[in-house]
Every structure is written in C-alpha cells, then in structure tokens.
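Heads up: the structure comes next, in structure tokens.
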Number of protein chains: 6
Amino acid sequence: MDEETAGEKEIPTLWEQRDHSVEHVDEGMLIMQVNLDDSSPEWLAYVLEQCMRAGANDVHFLPVTMKKSRPGTLLQVMCYQSAAEAIKTILFSETTTFGIRTFPVACHRLARRFATAQTQWGEVQVKLGYHRGKRVQVAPEYAVCAQLAEAAQVPLKQVYQEAIRLAVEKVL
Amino acid sequence: MDEETAGEKEIPTLWEQRDHSVEHVDEGMLIMQVNLDDSSPEWLAYVLEQCMRAGANDVHFLPVTMKKSRPGTLLQVMCYQSAAEAIKTILFSETTTFGIRTFPVACHRLARRFATAQTQWGEVQVKLGYHRGKRVQVAPEYAVCAQLAEAAQVPLKQVYQEAIRLAVEKVL
Amino acid sequence: MDEETAGEKEIPTLWEQRDHSVEHVDEGMLIMQVNLDDSSPEWLAYVLEQCMRAGANDVHFLPVTMKKSRPGTLLQVMCYQSAAEAIKTILFSETTTFGIRTFPVACHRLARRFATAQTQWGEVQVKLGYHRGKRVQVAPEYAVCAQLAEAAQVPLKQVYQEAIRLAVEKVL
Amino acid sequence: MDEETAGEKEIPTLWEQRDHSVEHVDEGMLIMQVNLDDSSPEWLAYVLEQCMRAGANDVHFLPVTMKKSRPGTLLQVMCYQSAAEAIKTILFSETTTFGIRTFPVACHRLARRFATAQTQWGEVQVKLGYHRGKRVQVAPEYAVCAQLAEAAQVPLKQVYQEAIRLAVEKVL
Amino acid sequence: MDEETAGEKEIPTLWEQRDHSVEHVDEGMLIMQVNLDDSSPEWLAYVLEQCMRAGANDVHFLPVTMKKSRPGTLLQVMCYQSAAEAIKTILFSETTTFGIRTFPVACHRLARRFATAQTQWGEVQVKLGYHRGKRVQVAPEYAVCAQLAEAAQVPLKQVYQEAIRLAVEKVL
Amino acid sequence: MDEETAGEKEIPTLWEQRDHSVEHVDEGMLIMQVNLDDSSPEWLAYVLEQCMRAGANDVHFLPVTMKKSRPGTLLQVMCYQSAAEAIKTILFSETTTFGIRTFPVACHRLARRFATAQTQWGEVQVKLGYHRGKRVQVAPEYAVCAQLAEAAQVPLKQVYQEAIRLAVEKVL
C-alpha cells in the first residue's frame, strides 16, 4: 500500500450524501437488525423487495442458530435515516418480529464513474470505482451481461471478462 | 404504507424501558459479540441458557469462516446495560474468549397485548403487537401450541393457524 | 497413522445393527433431505424433537440460499430403514414440503463402553469410543456435566476437563 | 401418527414419474454437487436460473468453509437422469469447477391437487398435498399472493393466512 | 447449449481414475460425513490438513443447527475408496465423533491441460478444463498469483484477470 | 455469579490500549463490514491475510443470502482506528466493493499471562486469561500443539488436554 498516496487526498465526510461522483464518508446511515424464528422464507424474500423499493441501500439474510434449536434468520437492512420509518413499518407489517434493533454506521463510498464496453455480443455499461483518485473497481452491469450471455449462448463469465478487459483498456 | 398514519403517533424513546404495553424505542441496550474458534458447540448451548437466565434479551450463533480455515462461531448477545457485567462474566467463564466486543443499539419495540384463543384442542395464549396503533403481529405461544399438538396428535402448524384465526376474529 | 494396526482387526458390516459394544459398519441406514422455503423455524425445532422420538438417529438443519432469494433450510435426518415410514409421515405432516429425498448411507460406528468419573462436584458418566481396539474418544455426558456445573457454580468446561482427565486415568 | 392408516395405502415406486396427481416414490433422480471457491456469487445466481430452465427440479447453495480459509459455496442440483447431461454442461460452462459429484436419490412425492381460494383481494390458487389419502399440505401460490398483497397494500402474510383458511374450508 | 456437440463425444466411466488428461466419470469415490457438536474449530482445521495429506480429494465444513441448540459443524470429505480406511482413522482420532457416514459418489471430471501465462509481474501456470473437447475453464494457480501480487504490490484480482486474458489468447 | 466479587475490581477504559497484561476495555476500535456478491472466495482468503498484516485484530466471513438469489459473503474486520485507512485501501483494492461500512466498538479484554507446559511430547506455551483477578482461560498455542502432535503421531486433542492439565496444575 502506498501510504503517501493514501494521505494525499482528503475524503470528505457528509450527512446523507447522494452524489456518488465524489469519494466520501456518509455518516447518516443506519443498520437495522431483526431476528426471525417464526417467519416463512417466502415472506422474507418479499420483504427484501419491499425494503429495496422503500429506499433501503442493502438488505440481506444471515443464518442463525437460535434458542430452542431454531434455525432462524437475521435480517439486516442498511438505509438512510430518512428512510428508516418507512422501512420499519414494512418490517413490522411483513415479518413476525416484535422488535427492531438499530445502530448508526458510516459508509465510505468510492467515487463512481461509468464507461461503456463494446463487446462482440453487445454494449455493456461498466461501473468504475476510484479510491483516492486511483481506479480500484471495474464492475460490468449484471443485468446486461446476463441478457447478452443468454442471447448469444455464451457463458456469463466470458461476457464479464471481456467487458472488464475492454473497459480497462478504454479508461486507462 | 400509509405515510400519514405513520406520522400520527409519536414513538417515545426511553432508557431501559421494561413496560411493554406501549410502543417505544429503548436506547439502553447493548450488543455483545464474541468470536469463537476453540469452543465446543455443547458448551455454547449451555452459555446461551446461562445468558438468558442472567437477563439477556436474545442470544444467537452465526457461522463464520475464520483465519487458518477454522469453521468458527460468532456468538451475539443483546442485553440491557444493567445486565452487561453479569453476562460478560458468563462469557469469559464459559467460553474460551479473551475479548468481548460491545456496541450500543436502540431497540424499537411494538406495544404488546395478549389474547386467548379457544381452539378445539385447548386454550392458547396469543401475543399481539401494535405499530402506531395498528395490529401487525399475532403470535401464538409456542410452548402451549406444541403441548396441545402433541397431546391431540395434530400437526403443530394446524394449531398455530387455528389459534391465529381465532385471535384475529376476537380482537378485531 | 499406524497402517499395520489399522489392518489387524476386521470391522464387521451389519444390517441395522443396534448393539453398540462392537465396532461395525451399519448398512441399513438412510439419509432424508427436505428443502424448506415456507416453514417457520419454530415448527422445525418441533419437527426435530418429533423425529428423534420416532427413532431418528440424528436430525439437523443446514442454511441454504434458494431460488427467488429465499433464505431457506435444508432439514437432514439420518435413520434406520425400519423407522423411515414413521419419520416421513412426521415430515409431511409437520413441515410444508411436498417431497422427501432419500438415499442409503453406511454408518461406521465405534465400539462403545462407559466409565464413571468421580469428580469433586459429583459423578459423571463418560462414553468411550474404540477404533480397532484403541481408545479414541472420551465423551462426558452433557446433561450431567451441565447439572453439576450449575449446582456448583463452576464453568461447564472445567467439569468436562476434569471428567475427561479422570476417565482417561481410570480406563488406561 | 396413525400407524394403521400409514399401512393402508401402498406408495408406488416409479422411474422418472412426472404425473404428480398420485403419491409416489421417484427412483430416477440425481443429486449433483459442485464445490466452488473461485466463482462470483453473481454468476451463481445466473447458473441457478439456467439449470431450472434446463429442467432441474431444485437448485440451492450451501455455505462452506474450505481449505485455505476460503468461504466457498456448495451448489446442489436435483434433477432427473434425463436432464443430467444438459445440466452438467451448464455447470461446467458457467461455474469454475473442474468436477461434478453425482449420486442417485429417490424422491417421495405427495399426491398433488389444486384448489382456488376467493380472498377479498382476489383469487389465489392453492396447491394441496396428500399423504396416504390425507391432506397434509395447503400451499398458496407465492407469485399471486405477492401480487395481490402489493396491489391491495396488505401484508403478504395476511393474504397467505386467508388463502389457507379458505382453501381448508373449501376442500374439507 | 449445443446439444449436438454434447452428444458427439462419449465420456468414459472409470474406477479410481487418476489420469486427468482425459474427461471421465470416476465411479470409485466416497463421501464421508461427520456431525460434530463437541469439537473445537481449531482441531477441525488440523483435521482438514491431515485428511488432505492422507489422500482426500476435498474436505470442507458446513454449518449446522443441531439438537439442543448446538451450532455444530458437518465435516464432509471426498476421497477414493482406497484412501477411506486411512481417512476414517484420522477422523476417529482427531475429531470427537463416534460414527462416520459414507456413501458412494461418481465424479465427472474435465480433461485438464496446463498453459503458462507470461504476465508483466512474472510467469503464471494456468489450468485449463475441457468438456467434450471444448475449453470451459481457465484457472490461474492461486499460490503463484498471490506471490506475484504481493511482490509487485498489485491487487490479486488484477493478476488473475491478466493471467486469464493471456492464457485465453495463447491457447485459442 | 458472584456479584460482589464482580464489583470489587474496576476495569479501566482505555483508548487504543496495546498492553495486554491488565484487563481493560479498549474504546478505540472499529468494525468494518463489506458485503460481497461478486468476489471469488480465493481472493477473499488473500484479503484476510493482507488485512491481518496491516494490523487488523480479526477478520472473518459470514455467509449471506443477498438480493437476486446471490449466495454472498459478509466480510467483517475488527481493527484500531489507527489502522483503519490502511485496511480500507486493502478492501477497496482487493475485493470488488464500492462501499465499506464502519462503526465503533469497545473491546473488553482479559488480562493475559503466559505459562509453559512441559508435555511428554515437548514444551507448549499456554496463554492464560484473567477476569477480575480470577483465571478463566487456559489456551495452549495452536501452532506448537499441531507441530508436536504431527511429530509424535498423537491426536492434537490429546496434546491440548495434556497442556491444559499441566498449565492448570502449575499456575494454581
């Protein structure tokens, strides 16, 4: 790691930042946790979608061993403070929980830019991430890659590798 | 979601609240985490019980992949600040850890009431949860349902469904 | 490993063996698997108990990521062929599954003997396991150790270590 | 469990049975397992969909701790022997594996029938499962329930409970 | 998928095949499973290494929720029949189990070849996999990539992408 | 638990304490979390090592079910504030994430001392942990035990049990 480079640029700290073109630390976020020992997994996948629509930044499930030998689920949501009430209402209505735990988190986010890779199977948008001015991420958009892979009957991994290769060449 | 309804009632924030008849946000809580790579699962189940007796609100286990290929366990406890010291002593005595991580969490809890459902197999207590004045949870008590299901040789899920149906009709 | 010793004793293969005093390979066993994406964990813990009572040798739950983002559970039961029908009826009645997968397994079981360890907190039964005539396992009985640990207010792990130490000395 | 009832009806064993109106044990099935320590989860979700389209009966992922501290994934597919070659080609093309494990399994499947529940929010198809002539499962169709719940802005769990209640009344 | 191509080449079935230059199905393999509720994860990582040295083809751990709320581990080993006895002795000696489940599996293995990619950071060996004569896998060797990445202070993922790109160009 | 004893000794709270000979609560720590749905497990094991070298106190992986049916990984790092920037640069460079969540945690650490156990197979260093002046942990060093066990061809668990027994006798 280049400590000197690491010190060069200051990463700004912001409150509920939504402009992703600049690297920043967002302080206005929350993690919510719900432990579920009596919800059907079918309902939980529906909850995930509802929370995403209500503005959650991320929703995921962790497997847990709970008291009385129950193989339960820990539902974790990350969201802005401003979306918290709406998401809590979804969690209380759609899961079986009587309580929601919350704690604040900061989120350090890379600067994001976008490039387009012209693969032999079609155009793929690629998201690029920059840390202290240096490109560290090259992420082809899943949905487009999957569509092209299916249409052309080529492996998805091949479409990804080609899109990454082209994007790297282009933005270098 | 009804945003207007959601705004109508104020949810009070309290410190170590133990009256569960009113919806509230409890600020006086802690999460404790312990990473275990050299404890027997038999002991961990015992720890769970000891922590519950010492006043923990919840104890559960998450599977983790740790350094040196160890398939370990992350033990997570939620408790009030006032029970923290007693629980730490249990964790240090009964597990193999040299450190306990803690961080504060708020817990938003529904208002709770209880109803009784008269099923054909016997009486079942049902816990009801209210969010902003609206009933969102109907939870038959597990231990009673299990006992009735076994005695009558009917599926547990049938006892649950019947208890929920009757409780909903009654408290409507 | 001592390959020569390993070859000395022949391990008999038996069909639905229930005499555990001799090391043997039991051929008459089945694994049942059920994938669950719409069962409450509360019900599953009940299923575990019901299956054990109906003669299952082991029941456990594995976390699975299923189609449509469902955080489901794979329930696995190991049992003798002779208990299979009774266990299937429990699984169909108490879970939400429409299908049960089964495949035969052999189970290589150690010869078992029992010893008693006189610890300072009370008597503990210890199960010993023998492979090709050599002692390889020393397992204090959980329920007794837990009871003694609680009564004497000593860590459970200390009771285990003492019981193992005494049993090893005694049967050497 | 009613052992007498359990003995009354013979469950036929069939090879690659696709008629689900009769309870049966299907012998012509396979489980495939692939251990993955270098595949992106994005690709794996795509593999799941491709396998389902190629005729897999079920595809799911289990978390595994692998050698060299790798938090990998065990991909498991259940399919008919007749679909095995097509699915293997997908697994080899779309994942990063050099080997696929297979073993035969029998699948005991309930007799299936369908009912329609007229809920206040719309019509829901319900799948019913019968074991030895007795109804043991009542499963509302997820996609329809989710659609109705969203349209009417009611909790999904409420739509499920109502659909189950109505289906049970109707088919009794 | 190209069904015609898929039919062209016959995949031979062999017993304990160790020549990996030809695609084949190996019938002489076993899966062993051990459920552990009283072993330290530190010991299990050691078991993994010991089994690999004794000839196991793969060893991995799955998290399980067991009876009495125990967060246990399912240890799974894949090996040839000829290595089974040596591995069983390790499992009985080094874990706390009293029984080992086994069942036979077939393993369909790709034809393997090797190529060398000359990256800017050094030479990387790449393993190629062929299914019915078509290249489907390109896997740079981890240990070498990790060493080069560390030495040159470049991200490991970049070394992988470059090695894959060069290997694909070369063997095309 | 002895509440009186528990109250006797005050546990000091310190900021980035590195002297482990005294029991203390360290306030200057952070947890970092990264959710990964497009990283290869091979790379993640490398990330673990890199983070440990850069001063992380702990790194581990939790399995998660993510949106779009992805079987992802939650990478969790615990470190001092002073090591945070260096570790963030590793996470951004070596994984595929565009964001890192952080939140502060306190870590209650036991007083540590070391003893040496003279086993029949060689010398083993044992780490002892003290809570409020009472010995609660006795942890033989893994690397040495593993080496002795291998050299002497005795089970690792036996070396552990002997080292614990001797250390307890000695420091009593």
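Would you mind computing Rg(Cα) / (2.2 N^0.38 Å) for region B:111-171, counting N as its residues? List each step's numbers first, then the result.
Numbers: Rg = 11.5 Å, N = 61, 2.2 N^0.38 = 10.5 Å.
Normalised by 2.2 N^0.38 Å, the Cα Rg of region B:111-171 equals 1.10.
So who's got an amide H within less than 5 Å of the one on F:Val136, skipping anything under 5 residues away but keeping other chains? H placed 1.01 Å off N, in plane.
F:Gly129, F:Tyr130, F:His131
Which distance in Å, rounded to a whole number, links the C-alpha centroids of region F:91-116 and region B:54-79?
15 Å
Can you tell me what percent of all Cα-Cα pairs in region B:22-109 are more than 15 Å apart?
Everything past 15 Å amounts to 57 percent.
Shortest first and in nm to one decimal, what separations exist between F:Phe103 and its copies in the other chains, measuring from label points 7 Å along the Cα-to-beta-carbon line?
With the label placed 7 Å along Cα→Cβ, F:Phe103 yields 0.5, 0.5, 4.1, 4.1, 4.2 nm.
Can you list the copy-to-copy distances for C:Val154, using a point 7 angstrom from Cα toward Cβ, in nanometres, shortest first?
Relative to the other copies, C:Val154 has label-point distances of 2.4, 5.0, 6.1, 6.1, 6.9 nm.
Roughly how crowded by other chains is peptide C:103-116, in terms of the mean Cβ count from those chains within 10 Å of each of its Cβ atoms? Each step should come with its number before you reach the end.
On the way: counts 8, 6, 8, 7, 6, 12, 5, 5, 1, 1, 0, 0, 0, 0.
Neighbouring Cβ atoms belonging to other protein chains average 4 per residue here.
Under a Cβ-only charge scheme (Lys and Arg +1, Asp and Glu -1), can you give me the dipole magnitude of chain A about the Cα centre, in debye to the nearest 20? Numbers along the way, then the final one.
On the way: 18 positive and 22 negative charges, 47 e Å.
My answer is approximately 220 debye.
Might you tell me the accessible area per residue for the protein assembly as shown, computed with a 1.4 Å probe and given in Å²?
I get 38 Å² per residue for the protein assembly as shown.
So who's got an amide H within less than 5 Å of the one on C:Thr119, skipping anything under 5 residues away but keeping other chains? H placed 1.01 Å off N, in plane.
Here C:Val124 satisfy the definition.
Under the Kirkwood approximation for Rh and a Cα-based Rg, what ratio Rg/Rh is obtained for region A:69-157?
Numbers: Rg = 19.6 Å, Rh = 17.2 Å.
We get a ratio of 1.14 for region A:69-157.
Any idea of C:Thr116's accessible area? Nearest 10 Å², probe 1.4 Å.
It works out to around 50 Å².
Considering the rotation that carries chain B onto chain C, locate the chain B residue whose Cβ comes closest to its axis and report the distance in whole Å.
Nearest to the symmetry axis by Cβ: B:Pro63, 4.
Output the relative contact order of chain E, whole-number percent, from Cα pairs under 8 angstrom with separation of 6+ residues.
This gives 22 percent for chain E.
Where in chain D lies the longest segment free of trypsin sites (Lys or Arg not before Pro) that are both loop residues by DSSP (not H, G, I, E, B) and have at most 16 other Cβ atoms within 10 Å? Don't skip to the answer; put the middle values down first.
On the way: sites that count: D:Lys9, D:Arg18.
Excluding the exposed sites themselves, the longest stretch runs over D:19-172.
Determine by what factor the alpha-carbon radius of gyration of chain F differs from 2.2 N^0.38 Å, reporting the quotient.
1.28
How big is D for the protein assembly as shown, in µm² s⁻¹ as a whole number, if Stokes-Einstein is applied with the Kirkwood radius of its Cα pairs at 25 °C and 0.890 mPa s?
81 µm²/s
Considering only protein heavy atoms and a probe of 1.4 Å, how much of the accessible area of region A:22-109 is carbon and sulfur, as a whole percent?
That fraction is 52 percent.
Kindly give the distances from F:Pro12 to its copy-mates, label point to label point, with each label point 7 Å from Cα along Cα→Cβ, as nm values to one decimal ordered shortest first.
With the label placed 7 Å along Cα→Cβ, F:Pro12 yields 4.2, 4.2, 6.8, 7.3, 8.1 nm.
Within 10 Å of each Cβ in peptide E:153-159, how many partner chain Cβ atoms are there on average? Round it to a whole number, please. Numbers along the way, then the final one.
Values: counts 3, 1, 10, 11, 14, 5, 0.
So the per-residue partner count for this stretch is 6.
Ignoring ligands, DNA and RNA, please state the percent of accessible area on region C:122-164 from carbon and sulfur, probe 1.4 Å.
The computed percentage sits at 47.
At 222 nm, what value in deg cm²/dmol follows for the protein assembly as shown if DSSP H runs of at least 4 each add -39500 (n - 2.57) and the sum is divided by all its residues, to the nearest 500?
When only DSSP H runs of four or more count, the value is -10000 deg cm²/dmol.
Need one value for A:125-133: mean number of C-beta atoms belonging to other chains within 10 Å of its residues' C-beta atoms.
For this peptide, the per-residue mean of nearby foreign Cβ atoms is 2.
How much net charge surrounds F:Ala115 when only other residues with a Cβ under 14 Å from its Cβ are counted (Lys, Arg +1; Asp, Glu -1)?
Neighbourhood net charge equals +2.
What is the sum of charges, Lys and Arg at +1 and Asp and Glu at -1, for the other residues whose Cβ falls under 11 Å from the Cβ of C:Cys79?
Result for the local shell: -2.
The values are calculated or read from the model by the stated rules, or taken from the named source; none is laboratory data. Since we're looking at a predicted model, the values are computed, not measured. FYI the Cβ positions are ideal-geometry reconstructions off the backbone, even for glycines, and counts take in every protein chain you see. Side chains are part of the model used for accessible areas, which takes the heavy atoms of the whole protein and leaves out ligands, DNA and RNA. Shrake-Rupley method; radii C 1.70, N 1.55, O 1.52, S 1.80 Å.
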